[in-house]
Every structure is written in structure tokens, then in C-alpha cells.
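Peer 1: Supplied in C-alpha cells, the structure appears directly below.
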Amino acid sequence: MWSSRWLFILAAAGSAVGLGNIWRFPYITGENGGGAFVLVYLICIAAIGVPVMMAEVLLGRAGRQSPINTMRAMARASGAPRAWSLIGWVGVLAGFLILSYYSVVAGWAVHYVFRMGGGAFEGADGAFASQAFADFLADPWQVLGFHTLFMVITVFIVARGVSAGLERAIRVFMPLLFVLLAVLLGYGVASGGFAAGFEFMFRMDWSALTVDGVLEALGHAFFTLSVGMGAIMAYGAYVPRQASIASTVTTIAVLDTAVALAAGLAIFPIVFANGLEPGQGPGLLFVTVPIAFGQLPLGAVFGTAFFVLVSFAAITSAISLTEPALAFAVEEYNAKRSRVAVSLGVICWLLGVGTVLSFNVWADVHVVGELTVFDFLDYVTQKVMLPLGGLFIAVFVGWVLPKTIVGSQLGLREGAATLLWSVLIRVLAPLGVLAVFVYAIFYG
Ligand code: PFF
């Protein structure tokens, strides 16, 4: 059990806040034209992500096992078919697939710790920073090396099952991340790009938003909150009985959204002050932030610290990606934690090689349509598996699980809150996902 509600908040926030907020959110906002996309994303967080996250915590705490066995137990308690445990299985698979490419991108961040520390970006301009990133990606051995390093660190931590130290670290590092984002924001104001960056993020230009952009916003809402695959359900198994799920989940979602918006507000001013392309794709973070720190006093120190924090945020998310599989293997087969961690790491590392090569040797190898291995993994997990997982979790908790279990977990009494919850979990969340899917299939 987490020693208090706050420890769960820290762990869940550690899972939620990661590359999704700092790397992914800014670049997909750039690709999808800014404001309108951001608004759709915020709506998806509030109307779909938050209720599904509450459902996951509720299931986890009611079942108190790994997601697969929790779903089995909850299906049994509802007199429903055992097949509901498929939610857990699909989640385990999604965790593997996501971790495989997550580790590669986290490796980019680790690489930049060394690059910034070496002072490589002093006085750098946009052209220099763009070239530096392109050169790095073009070298598969380097990218592979940092992917390997990140995976080894993750497996090491997961194998030892340290949580106490991690919680303390999250408590220190999370505020520091905000401080450094604020430094970047200050740079944005001083460099004169702030107004343009702000406008890009919050001006509603609906013509810039495509059907695929809406699906992306939905998928990202799941990804950034770590919901739809059982990671939060696994953590939910340790939430103390008396903690309020609604307020706990709201706290985590607000924190997660704040980090994403802060990252966007830090990055877009740099984009516009330096004449860069907002829609340039996955390199956005790595092309913009070094320019800012390259021009700031003590930039090498701050820049190094920044990428240390990003790498740390990625580790706490990566750990949670392994949790559904790990918890199941340990509980079902009495497997040794360290053995499972190593096997899992090896599989994800191997799968990750496909992503490493997607940016160089295999750049022209397409799995389907125009999608590289990386694009494909990203698409399948983010835009299909997580929303589908979320849809089924919402349907299960809203329509299948006995009201007595739900009510006692949420501490609901009849009234407005109960009504709001029912509408969200039974109607809005499932129909929202379904509507976006249908729309994407027929008009995408
Ligand atoms: N939420 C993490 C991020 O935003 O970087 C990524 C993630 C972690 C997704 C754990 C899913 C998950 F289960």
C-alpha cells in the first residue's frame, strides 16, 4: 500500500508526466495547427480521460491484483464473461509496444544530457540545432546505444522494485521541471517569440484541424494520462481505502495537463523567434530547447539539468509501462521480479531496434501505407489500443460492474455528483471514443 494518498498521487503523476507531455504534446500540436487541436485535447482529457482514469483506479482498488486478474475477479463479481480480462491482456501488449519506442525517444533525451553538458550548443541558431539533431538520428549506432542505456537503467530499477527512493525523487524533480520550463518561458518572453507562441497554442483555427487530428487528440489524452492499458489500474491496487478517487484523479490530471501546456508555452516561442517550422515532427523538442539554453547564461548547466529531468520523467513512465505485465507474471507464476524485468527489457529492446532504424536505415521501409516502424507502433498503440482499452473499461465500469461496488469505491451518495459520474462513464466517455473512431474510419 502507498503510505498515503499523496504517495499514490506522486507515483501516478510520475507515470503520467513523461515524454508524452514534454516531447509529444508540443510536436503533435505543431503538426495539427495549434489552438483547435489543443482545445479538442483538453475536452478529451476532461470528458473521457478523467472518467476512464477514475474507472481504472476504482477497478484496481476493488480488485487489488494485477490488471489481468483484477479484470477476472471483477468479471466474476459481476457475473460477466471471463473474456473481460482481455482488457488486461491487450494492456500488457500495449505496454510492450509502447515501451519499445518510448525507450528509443528517451534515449534521445539521455544523449542530449551529454550534448548539453559538453557545451555543444553555445550560441547555436536554428540551422545548427536542426542539423545537430538530424546528424544524431542518422547514426543508428549512437541512437541504439542510448536506447540500450535507457532500457538497462529502467530494467535495473524495475528489477530491484525500489519505490521509496523514487517517490522522494519525484517530489523533488517535478517542481524542478516546472522551474526549468519557467526559465524557458522567460527566454521566450525575452526573445520576443512569446506572443506568437501563445497565439499559436490558443487561437482557434478550425480549418487547421483534420479528422486524423481529432483522433490524435483523443489518443494522446489516453497516452498522456497513462490510461487505457491498465498501468493506472495496476497502481490503483495500492491506493488506500479511504482516499477519494475523484479528487485524487483530478489532481493528477491537472498536474499532467499543466506540464504539457507549460512545455508548449516554453517551446513555441522558441520556434517562432528562430523561424523554425512548428509542424516539423518528433524532433521539435530537441531542435528548440538547445537553442534557448545555448543563448542563456549558464545555459550548459541549465540545459543539462533540463534533459536530466526529462530523462527522469521518462523513466518513471517507463517503469509504469512494465507494471501490468510484471505484476501478472509475479502473481500468477510466482516468477522472480528481476527475471521478469530482464526478459521484458530484452523483448522491448529488440522491438525498439525497429524504431531506431525508422529514422535512418529503414526510413523508407513502410509497414502499411506511409508508416515507418515507429509511425506504425505509435499509431497502433496510441490511436487504436489505448482508446479501445479505455472504451471497454468505461463500458465495463458503467454498465457491467455492480452499482454497489462502484458506489462504495467512489463514496457516492445520490445527488448531482452521482448523476455527473453516470453520464460521463456510461454515455460521454464510451460514445466519445466511438464517435471519433467512426468519424475517423469513414471520413479520415
Ligand atoms: N503517460 C506517459 C507520458 O505521457 O509520457 C506515457 C505512458 C506511460 C503511457 C504509461 C501509457 C502508460 F501506461
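The values are calculated or read from the model by the stated rules, or taken from the named source; none is laboratory data. This structure is a prediction, so every number in the text was calculated from the model and none was measured. Heads up, the Cβs are rebuilt from the backbone with ideal geometry, glycines too, and the neighbour counts pull from every protein chain shown. Each accessible area value is taken on the protein alone, full model and side chains, heavy atoms only, with ligands, DNA and RNA left out. Shrake-Rupley method; radii C 1.70, N 1.55, O 1.52, S 1.80 Å.
Peer 1: For region 393-444, which whole percent of the accessible surface, found with a 1.4 angstrom probe, sits on carbon and sulfur atoms?
Peer 2: Accessible surface attributable to carbon and sulfur in region 393-444 totals 72 percent.
Peer 1: Moving on. To test your reading of the geometry: what angle, between 0 and 90 degrees and rounded to tens, separates the Cα axis of helix 245-273 from the longest principal axis of the chain?
Peer 2: Long axis of 245-273 versus the principal axis of the chain: about 20 degrees.
Peer 1: Calculate, in nm to one decimal, what Y238 and V211 gain on full extension: separation in residues at 0.36 nm each, minus their alpha carbon distance.
Peer 2: 5.9 nm
Peer 1: Report the GluC sites (Glu not before Pro) located in region 322-429 that are in a DSSP loop and have at most 14 other Cβ atoms inside 10 Å of their Cβ, or state none.
Peer 2: Here the sparse-neighbourhood loop sites are E370, E414.
Peer 1: Another one. Can you tell me the 0 to 90 degree angle between the C-alpha axis of helix 50-63 and the longest principal axis of the chain, rounded to 10?
Peer 2: That works out to roughly 50 degrees.
Peer 1: Once phi is turned into θ = phi - 60°, what whole-Hz ³J(HN,Hα) does the Karplus curve with 6.51, -1.76 and 1.60 give for every residue of region 301-313, x standing for Gly and Pro?
Peer 2: 5, 5, x, 4, 4, 4, 6, 4, 5, 5, 4, 5, 4
Peer 1: Just subtract the alpha-carbon distance of L176 and D364 from 0.36 nm times their residue separation and send over the number in nm, one decimal.
Peer 2: Here the answer is 63.7 nm.
Peer 1: For region 1-153, what is the accessible area per residue in Å² when the probe is 1.4 Å?
Peer 2: 31 Å²
Peer 1: Which trypsin sites (Lys or Arg not before Pro) in region 333-422 pass both tests, a DSSP loop state and at most 16 other beta-carbon atoms within 10 Å?
Peer 2: When the trypsin sites (Lys or Arg not before Pro) of region 333-422 are filtered for loop state and at most 16 Cβ neighbours within 10 Å, K336, R413 remain.
Peer 1: Along region 6-22, what does the Karplus equation 6.51 cos²θ - 1.76 cosθ + 1.60 (θ = phi - 60°) give for ³J(HN,Hα), rounded to whole Hz, x for Gly and Pro?
Peer 2: 5, 5, 5, 4, 5, 5, 5, 5, x, 6, 6, 7, x, 4, x, 7, 8
Peer 1: Let me ask something else. Just add up the charged neighbours of R5: K/R +1, D/E -1, any other residue whose Cβ is under 15 Å from the Cβ of R5.
Peer 2: +2
Peer 1: Continuing with this model, one more query. Could you run the Karplus curve 6.51 cos²θ - 1.76 cosθ + 1.60 with θ = phi - 60° over region 187-203 and give me ³J(HN,Hα) per residue in whole Hz, x for Gly and Pro?
Peer 2: 4, x, 5, 5, 7, x, x, 4, 4, 5, x, 4, 4, 4, 6, 10, 7
Peer 1: Would you mind working out the accessible area per residue for region 305-369, using a 1.4 Å probe, and quoting it in Å²?
Peer 2: 43 Å²
Peer 1: While we're here: Out of the total accessible area of region 14-106 (probe 1.4 Å, heavy atoms of protein only), what percent is carbon and sulfur?
Peer 2: 67 percent
Peer 1: How much of M229 can a 1.4 Å solvent probe reach, expressed as accessible area in Å² and rounded to 10?
Peer 2: Using a 1.4 Å probe on the heavy atoms, I get roughly 10 Å².
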